[in-house]
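See structure below.
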């Protein structure tokens, strides 16, 4: 049985933009028959012996407006297959997938084309730029496919060029751009149609580390401006922690855990997830509100106040130097909790100490 998945979004009461209900993708001629015979209970090894490969195994979750959900896992975990099912580039073997309340698994080809043209933007690891077209022409191309006039599509492309920081390179050809600049063109092209939902499959994995960091920064800036609903696939846990509102970790087609980055780091649901998190420098990825306690009106607190969205690393010294619990405040200065030095010490040193004891026990 798959581990329990966290499906609710406590900070957003809106209807989900994307909803998956028991989605399966199994490759092989006898996939549907075996799925029916086993009543949806999939043993990957048993299916493989029958000539089937399990891509996605009983995935159920929701994605809310403006949320950035990262699907991650190692190669072969099923993350890209799940993304392709949700965009219906690949047909699911079983289950239902709803986009804004409409079941896309029952849509006709014409309905799907309309949905993709008007609602979805896609960026893949391969830049897939047209080599004989300039930056502006590449960005304007999907708009022209939709029937928008050349003048209007070029004007829109200019806006997108400015948005992704390529001003001055509008008339360059792809061969004249760096890898990071080419990826920016791909991002601008996907945004030109103003999609409500944005699918990104390993968009930065082909870039060198420095450019990749710059593109992550740019991506966060764009999301801060545009607030798209995003499904982002990566195999890089550091990238997932840095970008995600929530993370779905997959293994052998199963979603092992779907939760906030803080909860995944602090409370891994399975041994597989724990292995992903054990080397993570927690103080760099956890915010102070992930370890704060509720306000206790009767408790004495220090005069120090720290913001709830501060990374633990940036405020650890202030908390450890205070002789009393420290107040945590929101953006308006309202006290929303308190933090004890012992909690910060536990985050900074607890997991390392536990690992050290475990290592000594095995010697």
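If we keep just the residues of region 105-122 that are closer than 12 Å to residue 88 by Cβ and surrounded by fewer than 15 Cβ atoms within 10 Å (Cβ to Cβ), which is nearest to the chain's Cα centre (by Cα)?
113
Could you say which residue among 258, 266 is buried (at least 22 other Cβ atoms within 10 Å of the Cβ) and either closer than 26 Å to residue 336 by Cα or at pLDDT 95 or above (or both)?
258
Among the residues of region 294-310, what is the count of those that are within 21 Å of residue 264 (Cβ to Cβ) and either assigned by TED's automatic domain parsing to the domain that holds residue 263 or exposed (fewer than 15 other Cβ atoms within 10 Å of the Cβ) (or both)?
The qualifying residues number 1.
Residues checked against (1) out of contact with any strand residue (DSSP E or B) (no Cβ under 7 Å at 6 or more places or on another chain); (2) without any contact (Cβ under 8 Å) to a residue 12 or more places away in the chain; (3) surrounded by 15 or more Cβ atoms within 10 Å (Cβ to Cβ):
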| site | (1), (2), (3) |
| --- | --- |
| 30 | yes, no, no |
| 33 | yes, yes, no |
| 36 | yes, yes, no |
| 46 | yes, yes, no |
| 53 | no, no, yes |
| 56 | no, no, yes |
| 67 | no, no, yes |
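Can you tell which of 250, 215 is more than 30 Å from residue 52 (Cα to Cα) and either part of a loop (DSSP other than H, G, I, E, B) or touching a helix residue (DSSP H, G or I) at 6+ places or on another chain (Cβ under 7 Å) (or both)?
215
What's the number of the condition residue 323 fails, among (1) surrounded by fewer than 12 Cβ atoms within 10 Å (Cβ to Cβ); (2) at pLDDT 90 or above?
For residue 323, the exception is condition (2).
Looking for something out of contact with any strand residue (DSSP E or B) (no Cβ under 8 Å at 6 or more places or on another chain) and at pLDDT 90 or above - is there at least one such residue anywhere in region 191-205?
Checking region 191-205: not a single residue is out of contact with any strand residue (DSSP E or B) (no Cβ under 8 Å at 6 or more places or on another chain) and at pLDDT 90 or above.
Please go through region 159-178 and pick out each residue that is buried (at least 17 other Cβ atoms within 10 Å of the Cβ) and either in contact (Cβ under 8 Å) with a residue 60 or more places away in the chain or in a helix (DSSP H, G or I) (or both).
Listed by number, the residues that qualify are 160, 161, 163, 174.
The values are calculated or read from the model by the stated rules, or taken from the named source; none is laboratory data. Not measured: the values here are computed from a predicted model. For neighbour counting, all protein chains shown are included, and Cβ atoms are generated from backbone atoms with ideal geometry for every residue, glycine included.
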